[in-house]
Amino acid sequence: MPHDPKHQMLHARPNVQTVWQIYAAFQLRDLPTVFGLFSPEIEIVQSGELPWGGIYHGHTGAQQFMEKLTSHVTSAVLLERFIDAGDSVVAIGRTQGTVNGNGQAFDVAIAHVWTLKDGLAVKAQYHIDHPAMLKALAPPEDEE
C-alpha cells in the first residue's frame with residue numbers, strides 16, 4: 001500500500017517539509033513560493049534524452065526548465081512517499097498528464113532526488129521512466 005505523503009508530513013523533518021512545500025506551491029503554480037524555497041544557486045538536472053532535459057542553473061535556469069517542461073506537457077506530480085536521507089530527500093510517485101503536441105495521456109513513475117542546504121533546495125535531480133515518457137511523446141503511429 002502506498003504511503004500517504006500528507007500523513008507523513010505530520011512527523012517529517014524540516015527538509016522533507018521543504019520539499020513538500022515546493023510540490024504544493026508548484027501544483028498551485030505559486031512560483032514566488034517555489035523560488036523562495038530554491039537556493040539562488042539551484043541546479044536542476046534531467047536527462048537530455050527528454051525534450052526538456054538538461055542541466056539548469058540558478059533561478060533563471062529553473063524558470064527556463066519549467067517553461068520547457070510546460071511547453072511539452074501539462075501534468076501533475078502525485079506523490080506516494082518521501083525518503084528522508086538527511087540533506088537529501090527522495091520524492092517517489094507518478095507524473096500524470098497530457099502531451100501538448102499530440103494529446104497523448106501519460107502516467108509515468110518518478111523519483112526526484114533533492115539536495116537541501118540551510119532550508120533551501122540546492123539541487124533537484126528528476127528521474128522518470130524514460131521508455132514510458134518517450135512513448136507518450138512520440139507521434140501517433142497512424143500518422144506516417
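Since every read-out is calculated from the coordinates, none of them should be taken as a lab result. Because the structure is a prediction, the values reported are computed rather than measured. All Cβ positions, even for glycine, are placed from backbone atoms using ideal geometry, and neighbour counts span all protein chains on display.
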Next on the checklist: Return the pair list, or none, for Cβ contacts closer than 9 Å from residues in the range 85-102 that are closer than 21 Å to Glu43 by Cα to residues that are surrounded by fewer than 16 Cβ atoms within 10 Å (Cβ to Cβ) and β-branched (Val, Ile, Thr), at least 6 apart or on different chains.
Outcome noted: Val89/Ile83; Val90/Ile83; Ala91/Ile83; Ile92/Ile83
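For Ala132, state whether it is hydrophobic (A, V, I, L, M, F, W, C), part of a strand (DSSP E or B), without any contact (Cβ under 8 Å) to a residue 40 or more places away in the chain and surrounded by fewer than 16 Cβ atoms within 10 Å (Cβ to Cβ). Give the derivation first.
On the way: hydrophobic (A, V, I, L, M, F, W, C): yes; part of a strand (DSSP E or B): no; without any contact (Cβ under 8 Å) to a residue 40 or more places away in the chain: yes; surrounded by fewer than 16 Cβ atoms within 10 Å (Cβ to Cβ): yes.
No, not satisfied.
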Checklist entry - What number of residues within the range 76-112 satisfy the criterion of being loosely packed, with under 15 Cβ neighbours inside 10 Å and part of a loop (DSSP other than H, G, I, E, B)? => result 6
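Of all residues in the range 113-125, which are touching a helix residue (DSSP H, G or I) at 6+ places or on another chain (Cβ under 8 Å) and surrounded by 18 or more Cβ atoms within 10 Å (Cβ to Cβ)?
Start the filter on the range 113-125 by keeping residues that are touching a helix residue (DSSP H, G or I) at 6+ places or on another chain (Cβ under 8 Å), which leaves 114, 116, 119-121.
Passing the criteria: Trp114, Leu116, Ala121.
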Next on the checklist: Just the residues that are within 16 Å of Ser71 (Cα to Cα), among the aromatic types (Phe, Trp, Tyr) and in contact with a strand residue (DSSP E or B) (Cβ under 7 Å, 6 or more places away or on another chain), please, taken from the range 9-55.
Outcome noted: Trp52
Next on the checklist: For the range 19-54: of the residues being surrounded by fewer than 16 Cβ atoms within 10 Å (Cβ to Cβ), polar (S, T, N, Q) and free of Cβ contacts under 8 Å to residues at least 60 places away in the same chain, which is nearest to Gly119 (Cα to Cα)?
Outcome noted: Thr33
Item to check | Of the criteria (1) touching a His at 6+ places or on another chain (Cβ under 6 Å); (2) touching a residue at least 40 places away in the same chain (Cβ under 8 Å); (3) hydrophobic (A, V, I, L, M, F, W, C), which one Ala76 fails | outcome: (1)
